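Asks: So that we are looking at the same thing, I have put the structure below in C-alpha cells.
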Amino acid sequence: MSLEIKDIQDALNPMVAGVKSEISGELKAINEKHAAEVAQLNEDAKKKGQTLEELKSQVDAMSAKANALKANVEAEATNGWTRSDFIGKAVHDIVAENFDKIKAEQAFNVTKTVGNMTLSSSLTGTSQISYVPNSQMRSIQSNPRLYELFRIIPTATGNVTFPRGNDPVGEGSFGAQTEGNAKAQIDYDVTMVNVAVPFIAAYAKVSRQMLQDLPFLQAYLSQSLVEDFNQAVNVRFLNTIASGSTALSSAETYTSTKMVDGIAQHAALGLGNANLILTTHKAWADVLKTKPSDFSVPGGTVIAPDGSVRVAGIAVVPHIQVTTGRFYVLNTDAFAIAQASGFTVRSTETDSDDFIKNLVTYRGEARIELLSFQPKAAVYGTIGS
C-alpha cells in the first residue's frame, strides 16, 4: 500500500491548523499595533526634528518588543506539546515548503510491491524443518562379533591362570611288559599360563546443549560405543588367534581346495574338530566362483541359495576385519573369553569439571581377554583364486 506526500500533509494539517488559528489573531493584533507605533514615531520625528539615527534606535527597540510578544504567544500556544508534536509540525513545514519538488520525485512505499508469495521474497529466516531419523548413521563392520563366537568364563579378578600341556607332553611311553620286569614309566610336563585381563574401554564427552538439541544423539552414542568396542575386540581376538596358529601346508591354487587342505591339516593336529572357517569376503566370493572346470567346487562343499557356504560341514564365515588374503580353520572350543566384567555403557555429569561446563561423559567398557588353551588349534592359510 503506497503513502503519497499529499497523504502525509493531510494527516498533519488538523494539528497545524489548530495552532495557526490559535495564534494568528494575536499575531495580527501585535503587527497592527507595531505598525501604528512606527507611524507615530515617524510623525513625531518630523515635528521634533530628530535625526535618522535617533529614529532608527527607537524603531529597533519597538521591533524587539514586538518580536518578544510574538515568541511568547507561540510558546503559550505550544505549551504541553510532546516531542512527537514538534516533529510532526517540522515535517509538515518541510513538506509544505518543498511540496512541488517532492511531488516530482518517485513516491515511496511503506511496504513492498504486491506480488506472489515465495520463500525467497516473503520469508525472513528459515522455513520449518522436518526431522527424519537415519537408520544408517555409520558403517557396521563387526559382523559376526567375535565376542559372541567363543564361550565366556566369568572370573572374580583380572588375573587368570590356567594349565597348558607341553608339546611333547613329557618323557617315556607305554610299552609291553616283559614278565618279571618293570613296566615303562612316563612323566608329563605342564605349564601354568598367566594372563592379565585388561579393560577394553573408551569414553566420549558431549555438551548437554548438543544432547538436548539433537534428539537422536543419545541413541547414536550408545550404538557407536557398542560398535567400536566390538571392532576393538575383534582386532584383539584375531591377533591372539594368529599369534599361535599353524601355517597351512598345501600345493593347491584355488581358495576352496586350500580350505579342504586346511581342514585336513587341523584334524591331523589332534586338537579337536574344526568348527569354523573365518575368512575375508573375497575368499568367500572365490569359493562361490570356483572354476577348475565348469564352475565346479570340491566335494563336501555345499552352497545355499543365500550364498552361505559349508565345507565338510564347517561354515565359511566372511568377516571384514580378517587380515587381507587370509583364512583361519579353527576349533572355537580351544579358546574362551575370560570375563571379569561384562560390557556396559554408562553416563555421568560429575567427571572432572563436567558439572561446571554442562558436559556429559559416556563410557563403554568390559574387562575381557581371549584365552588360547591350544594355540595350534587354528590353521591359517592364504587365499588363492
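Asks: For the stretch 185-227, what are the residues that are charged (D, E, K, R) and touching a Gly at 6+ places or on another chain (Cβ under 8 Å)?
Replies: Answer for the stretch 185-227, where residues must be charged (D, E, K, R) and touching a Gly at 6+ places or on another chain (Cβ under 8 Å): D187, D189.
Asks: Y188 passes all but one of (1) among the hydroxyl-bearing types (S, T, Y); (2) surrounded by 10 or more Cβ atoms within 10 Å (Cβ to Cβ); (3) at pLDDT below 90; which number fails?
Replies: All conditions pass for Y188, except number (3).
Asks: In the stretch 297-331, which residues are farther than 20 Å from L248 by Cα, free of Cβ contacts under 8 Å to residues at least 24 places away in the same chain and outside any loop (DSSP other than H, G, I, E, B)?
Replies: V302, I303
Asks: Something else now. Among (1) within 19 Å of P144 (Cβ to Cβ); (2) in a loop (DSSP other than H, G, I, E, B); (3) under 37 Å from the mean Cα position of the chain (by Cα), there is one condition A274 misses while meeting the rest; what is its number?
Replies: It fails just one condition, (3).
Asks: If you check every pair at least six apart or on different chains, which have Cβ atoms under 6 Å apart with a residue in the stretch 180-200 that is touching a residue at least 24 places away in the same chain (Cβ under 8 Å) first and a residue that is among the hydroxyl-bearing types (S, T, Y) second?
Replies: The qualifying pairs are M192/T161; N194/T161.
Asks: Taking the stretch 332-352, which residues are farther than 30 Å from S250 by Cα and either part of a strand (DSSP E or B) or not assigned by TED's automatic domain parsing to the domain that holds Q212 (or both)?
Replies: I337, A338, Q339, A340, S341, G342, F343, T344, V345, R346, S347, T348
Asks: Within the stretch 152-178, how many residues are among the basic types (K, R) and at pLDDT 95 or above?
Replies: The total comes to 0.
Asks: Can you work out which of the residues in the stretch 353-385 that are assigned to a loop (DSSP other than H, G, I, E, B) and more than 23 Å from the chain's Cα centre (by Cα) is farthest from V160 (Cα to Cα)?
Replies: Only one residue fits best here, namely S385.
Asks: Still on this structure, I have one more. So which residues in the stretch 210-262 are over 22 Å from G300 (Cβ atoms) and among the acidic types (D, E)?
Replies: D213, E227, D228
Asks: Sticking with this structure for a sec: So, in the stretch 205-254, how many residues would count as being outside any helix (DSSP H, G or I) and within 13 Å of the chain's Cα centre (by Cα)?
Replies: Qualifying residue count for the region: 6.
Asks: If you check G300, G307, G325, which single one turns out to be under 27 Å from R236 (Cβ atoms) and loosely packed, with under 15 Cβ neighbours inside 10 Å?
Replies: Going through G300, G307, G325 in turn, the sole match is G325.
Asks: Report yes if N234 is touching a residue at least 40 places away in the same chain (Cβ under 8 Å) and in contact with a Ser or Thr (Cβ under 7 Å, 6 or more places away or on another chain), otherwise no.
Replies: When the stated conditions are applied, N234 passes them.
Residue-wise test of (1) among the basic types (K, R); (2) outside any loop (DSSP other than H, G, I, E, B); (3) farther than 18 Å from F237 by Cα; (4) assigned by TED's automatic domain parsing to the domain that holds D228.
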| residue | (1), (2), (3), (4) |
| --- | --- |
| V132 | no, no, yes, no |
| V169 | no, yes, yes, yes |
| E179 | no, no, yes, yes |
| Q185 | no, no, yes, yes |
| T191 | no, yes, yes, yes |
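The values are calculated or read from the model by the stated rules, or taken from the named source; none is laboratory data. A quick note: this is a predicted structure, and the numbers were derived from the prediction, not measured. Note: ideal-geometry Cβ built from the backbone for every residue, glycine included; neighbour counts use all protein chains shown.
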